[in-house]
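So the structure is just underneath, and the comments pick up after that.
The values are calculated or read from the model by the stated rules, or taken from the named source; none is laboratory data. All values derive from a computational prediction rather than experimental measurement. Note that each Cβ is placed from the backbone with ideal geometry, even for glycine, and that neighbours are counted across all protein chains shown. All accessible areas refer to the heavy atoms of the entire protein, side chains included, with ligands and DNA or RNA removed. Shrake-Rupley method; radii C 1.70, N 1.55, O 1.52, S 1.80 Å.
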Amino acid sequence: MNDRNLYLKPNVVIEPLVDNWYAWSQLIAPATAAMNIAWHHTIIKSYLAAPSVHAEAVKNPKMRGGPFMDFGGGRIKEVEALQKESLRKQDRMLQFAKAVKELDQMLSTEAVGFNIEKLYERVPELLKGYVELYYDRNNNPGFRFFEALLYNSEFYNKGSQSIALWITNSDARSFCLSTPRMADPNVIYLDLPLESPVIDELARMKRKPVSYEYARSLVSIRPEQEHLFRGLFTEEVPPPFQKYIGDKVRVRYFGHACILVETDEVSILIDPLISYYGYDSTVDHFSDADLPETIDCVLITHGHQDHILLETLLPLRHRIKNLLVPRNNNGRLEDPDLKLMFEHIGFKNVIALDEMQTYTFRDASITSLPFVGEHGDLNILAKSCHHVRIGEFTLLALADSRVVESRIYQHVHKQIGDADVMFLGMECDGAPLTHLYGPLLTKKLPRDMDGTRRLGGSNCDQGMALVDIFKPREAYVYAMGQEPWCEFISSIKYTPESNPIVQSDKLVKLCKERGLAAERLLGHKELLYEKQPELLKA
Ligand SMILES: [Fe+2]
């Protein structure tokens, strides 16, 4: 038993949690966490009042991703206990959320254009010292948080963070943002802050064998869970990793918005969302086993839960040399700072890029480009598309940018020129604003307005505008959230009649008619490019 011959199984999920809820960026950043915790209480209350309504809603495809608990109407006693425990434990966070609402209300009635200084004394006690008040140029009042100070206050409580370890044998999982995790005989819960090096050690064990004694020494578990912990390990040696040594640029699509761009010297991973292996999946895919030992750069396009998946990122943390995020740092509640968020959960070398700023290493450069819309018309800056250049080869990863005004990209084109390959997300319907930002609104948004304020990407015309501007030779539709291992986080399920499918089919057809290679990607794809494509053309 002391032999170093055990690996963590490839289908072990290291699931990050904040209290009993699936951890995502809004649950880490202190101010948005408070608002989300308050929102969780409204879901809990609503479930306890009408559990069968939730059970029905979860089954209804039209309500997918909505605020409904997936417990089939049961587990009432446990949900009641969760409510009681959370009201006690998160009392200060709930007070914080209440204070934000009071501050919004106070400013809307009292800040009418005169000097704002006298209103500092009217800021709720608990928020004093954490906010700056201001007017915009049209006399609308607002406030910004000093986020760095909040991370060092009682409102950033690492004690609420933990991980759940369990084995998955299927891609199918419930939508994870609306249903809390409850006691489960097949799940081990470890009270660890997300910055804990134990997470890195456990993740390493998927490739590096250890003794059981060593693995066991890292964690504190109850004796009755010993067999469960032992069951996470196997003597089966994982397939050996094949480092890419070719002379081309290799681009691999891992599903959703996740793309790995590699040469023999460079590796760049965009929006990591990696599926597991070790069980049958209905769609072929790459996995963790296909990622290099170290990744030079991980690029994040924006803060939506399907683009910052901590469940993938935390186990990869020890392999990431640099993490590039869009710069925001404006203190607005709806736009938490991504650099601060990642640094506080243990990521090193987090680099915040401004729009049109370029990060260069070896023969590669990454330029952060404007990302338009897709955030319900909120003024959110934490979003960027990427222009990746390796040698002379260029690739555009445009994520969910909604090209409402193509002239923005005409201006961009003046600086970066044509691109060889373009990847564009076309989930052009999108959920209503409140699906993701509802917890942050302190004034009810009328339903008819909400219906027009969507989190949708580009349609066919908008996508073709990009093709006209950047003149790629290949255009791929990605980030559609349709891989089976993405559904638990994207809550998307299309039919052939769904508008995003119709629009992307149309774009692919038009591109092909023009002689481009084009495809809507699903599952996996491997593409190879010359580093000097222009020379070849000549
Ligand atoms: Fe998005």
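Across region 391-407, the qualifying residues are those that are open to solvent by less than 10 Å² (accessible area, probe 1.4 Å) and among the small types (Gly, Ala, Ser), and the one among them that is nearest to the ligand (Cβ to nearest atom) is Ala399.
Quick one: would you say Val198 is in a strand (DSSP E or B) and either at pLDDT 95 or above or on the phi > 0 side of the Ramachandran plot (or both)? Outline the logic, then answer.
Working: in a strand (DSSP E or B): no; either at pLDDT 95 or above or on the phi > 0 side of the Ramachandran plot (or both): yes.
Here the answer is no, as Val198 does not meet what is asked.
Looking at Val100, Val53, Val112, Val13, just one residue is within 30 Å of Ala289 (Cβ to Cβ) and among the aliphatic types (A, V, I, L, M), and that residue is Val13. Of Leu455, Leu445, Leu436, all but one fail to be more than 16 Å from the ligand (Cβ to nearest atom) and modelled with pLDDT under 95; the exception is Leu445. Put simply, of Arg319, Arg362, Arg327 the only residue that is more than 24 Å from Ile408 (Cβ to Cβ) and either within 16 Å of the ligand (Cβ to nearest atom) or in contact with an Asp or Glu (Cβ under 6 Å, 6 or more places away or on another chain) (or both) is Arg362.
Selection of first residues in region 408-437 that are open to solvent by less than 20 Å² (accessible area, probe 1.4 Å) and of second residues that are among the aromatic types (Phe, Trp, Tyr) and within 16 Å of the ligand (Cβ to nearest atom), restricted to Cβ pairs under 8 Å at least 6 apart or on distinct chains, gives the following pairs, ordered by first then second residue: Phe423/Tyr478; Leu424/Tyr478; Gly425/Tyr478.
When we screen Ala57, Ala99 for residues that are under 22 Å from Ala33 (Cα atoms) and among the hydrophobic types (A, V, I, L, M, F, W, C), the only hit is Ala99.
Take the residues in region 256-311 that are β-branched (Val, Ile, Thr) and within 16 Å of the ligand (Cβ to nearest atom), then tell me which one is farthest from Leu436 (Cα to Cα). This residue is Ile259.
With Leu353, Leu314 as the choices, which residue is open to solvent by less than 20 Å² (accessible area, probe 1.4 Å) and more than 16 Å from the chain's Cα centre (by Cα)?
On the way: Leu314 fails: more than 16 Å from the chain's Cα centre (by Cα).
Just one listed residue meets the conditions, Leu353.
Selection of strands (runs of 3 or more DSSP E) fully inside region 84-176 by the criterion of at least 3 residues being in contact (Cβ under 8 Å) with a residue 40 or more places away in the chain, open to solvent by 20 Å² or more (accessible area, probe 1.4 Å) and out of contact with any Gly (no Cβ under 9 Å at 6 or more places or on another chain) returns nothing.
For region 251-296, a residue qualifies if it is open to solvent by less than 20 Å² (accessible area, probe 1.4 Å), more than 19 Å from Pro315 (Cβ to Cβ) and in contact (Cβ under 8 Å) with a residue 60 or more places away in the chain, and the qualifying residues are Val251, Tyr253, Val261, Thr263, Val266. Here Met426, Met464 are screened, and the one residue that is on the phi < 0 side of the Ramachandran plot, out of contact with any Asp or Glu (no Cβ under 8 Å at 6 or more places or on another chain) and within 16 Å of the ligand (Cβ to nearest atom) is Met426.
Give region 49-83 a look and list any residue that's within 30 Å of Phe155 (Cβ to Cβ) and either open to solvent by 80 Å² or more (accessible area, probe 1.4 Å) or charged (D, E, K, R) (or both), or say none. Selection gives Ala49, Asp70, Arg75, Glu78, Glu80.
Among residues of region 455-476 that are under 12 Å from Glu405 (Cα atoms), those with a beta-carbon under 8 Å from a residue that is among the basic types (Lys, Arg) at least six positions away or on a different chain give the pairs Ser458/Arg402; Gln462/Arg402.
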